[in-house]
């Protein structure tokens, strides 16, 4: 899959390499149904942040991915991420790469209708206003 496309389920969408979207922490992506993939190296970091053992974290906060190829954070009945507390992410400093990559590295159909990220024109390989 090209890095100029959305997620595998949204690969028909062409991403604009000249635009970087700056997250406004609106939490719309945290309320969208679907897997929040956890990579193996993310588990100890999140468990430590939550002051849990890896086994405790896995038992309390994860499930098998829909693809059955790894773990995902569980979601509430209303599809919100289990780590969403009000309008803030409980694990924001150590959030999964999938979360950090939205909407610039992946997104879902209709994301622009609900996401408040601000598009910024990319200047010389980096987005204006980002480190």
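Go through (1) in contact (Cβ under 8 Å) with a residue 40 or more places away in the chain; (2) touching a helix residue (DSSP H, G or I) at 6+ places or on another chain (Cβ under 9 Å) one by one and return the number of the condition residue 58 breaks. Only one criterion in (1) in contact (Cβ under 8 Å) with a residue 40 or more places away in the chain; (2) touching a helix residue (DSSP H, G or I) at 6+ places or on another chain (Cβ under 9 Å) is unmet by residue 58, namely (1). Report whether or not residue 109 is out of contact with any strand residue (DSSP E or B) (no Cβ under 8 Å at 6 or more places or on another chain), within 28 Å of residue 19 (Cβ to Cβ) and either buried (at least 18 other Cβ atoms within 10 Å of the Cβ) or modelled with pLDDT under 95 (or both). For residue 109, the condition - out of contact with any strand residue (DSSP E or B) (no Cβ under 8 Å at 6 or more places or on another chain), within 28 Å of residue 19 (Cβ to Cβ) and either buried (at least 18 other Cβ atoms within 10 Å of the Cβ) or modelled with pLDDT under 95 (or both) - is met. State yes or no: is residue 28 loosely packed, with under 12 Cβ neighbours inside 10 Å and either without any contact (Cβ under 8 Å) to a residue 60 or more places away in the chain or in contact with a helix residue (DSSP H, G or I) (Cβ under 8 Å, 6 or more places away or on another chain) (or both)? No, not satisfied. In summary, residue 91 fulfils each of the numbered conditions (1) under 13 Å from the mean Cα position of the chain (by Cα); (2) modelled with pLDDT of 95 or more; (3) exposed (fewer than 11 other Cβ atoms within 10 Å of the Cβ) with the single exception of condition (3). When each of 103, 33 is tested for being modelled with pLDDT under 95 and surrounded by fewer than 17 Cβ atoms within 10 Å (Cβ to Cβ), the lone residue that passes is 33.
Output the number of residues of region 66-79 satisfying the condition of being under 16 Å from residue 33 (Cβ atoms), surrounded by fewer than 16 Cβ atoms within 10 Å (Cβ to Cβ) and either out of contact with any helix residue (DSSP H, G or I) (no Cβ under 7 Å at 6 or more places or on another chain) or modelled with pLDDT of 95 or more (or both).
Matching residues across region 66-79 total 6.
Among residues of region 38-54 that are on the phi < 0 side of the Ramachandran plot and free of Cβ contacts under 8 Å to residues at least 60 places away in the same chain, those with a beta-carbon under 7 Å from a residue that is exposed (fewer than 13 other Cβ atoms within 10 Å of the Cβ) and assigned to a loop (DSSP other than H, G, I, E, B) at least six positions away or on a different chain give the pairs 47/53.
The values are calculated or read from the model by the stated rules, or taken from the named source; none is laboratory data. Since the model is a prediction, treat every value here as computed from it, not as a measurement. Glycine also receives a Cβ, built like all others from the backbone with ideal geometry; neighbour counts cover every protein chain displayed.
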